[in-house]
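Novice: Sending over a structure as structure tokens; questions will come in a sec.
The values are calculated or read from the model by the stated rules, or taken from the named source; none is laboratory data. All values reported here derive from a predicted model rather than from experimental measurement. Virtual Cβ from ideal backbone geometry, glycine too; neighbours counted across all protein chains shown.
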Amino acid sequence: MKEEQVLQEVSKELEIIVNEKDHSFAKQILAEKIDHLINTDFQKLVSILYRMDVSESKLKQLLNENPGTNAAFIITDLMIERQ
């Protein structure tokens, strides 16, 4: 699947529309939405991750290995990888 299609699938899961052709900017928009969910509706984010079958153990591992990295970027990459 092309990266653009993957980004569209992830944005659909997050209930947002991303029409950016610049993939790095599109990933930034997705990360902002994830960051918002972390801060305002964590349970919804957990539900989305579960529905997408994102590995909880892999997420925990990556968060532990990258303590200075914004969790939203790690989650965004995992969601894209999973698609």
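Novice: Can you name every residue in region 54-68 that is out of contact with any helix residue (DSSP H, G or I) (no Cβ under 7 Å at 6 or more places or on another chain) and either within 23 Å of E9 (Cβ to Cβ) or touching a residue at least 24 places away in the same chain (Cβ under 8 Å) (or both)?
Specialist: At the first step, the residues of region 54-68 found to be out of contact with any helix residue (DSSP H, G or I) (no Cβ under 7 Å at 6 or more places or on another chain) are 55-57, 60-61, 64-65, 67-68.
S55, E56, S57, listed by residue number.
Novice: Among the residues of region 35-51, which ones are under 13 Å from the mean Cα position of the chain (by Cα) and β-branched (V, I, T)?
Specialist: Scanning region 35-51 gives I38, V46, I48.
Novice: Take residues that are surrounded by fewer than 16 Cβ atoms within 10 Å (Cβ to Cβ), at pLDDT 90 or above and not hydroxyl-bearing (S, T, Y) and tell me which of the helices (runs of 4 or more DSSP H) falling wholly in the chain contain 1 or more. Can you show your working first?
Specialist: Values: elements: 3-13, 23-40, 42-51, 56-65, 71-82.
The helices (runs of 4 or more DSSP H) meeting that bar are 23-40, 42-51, 56-65, 71-82.
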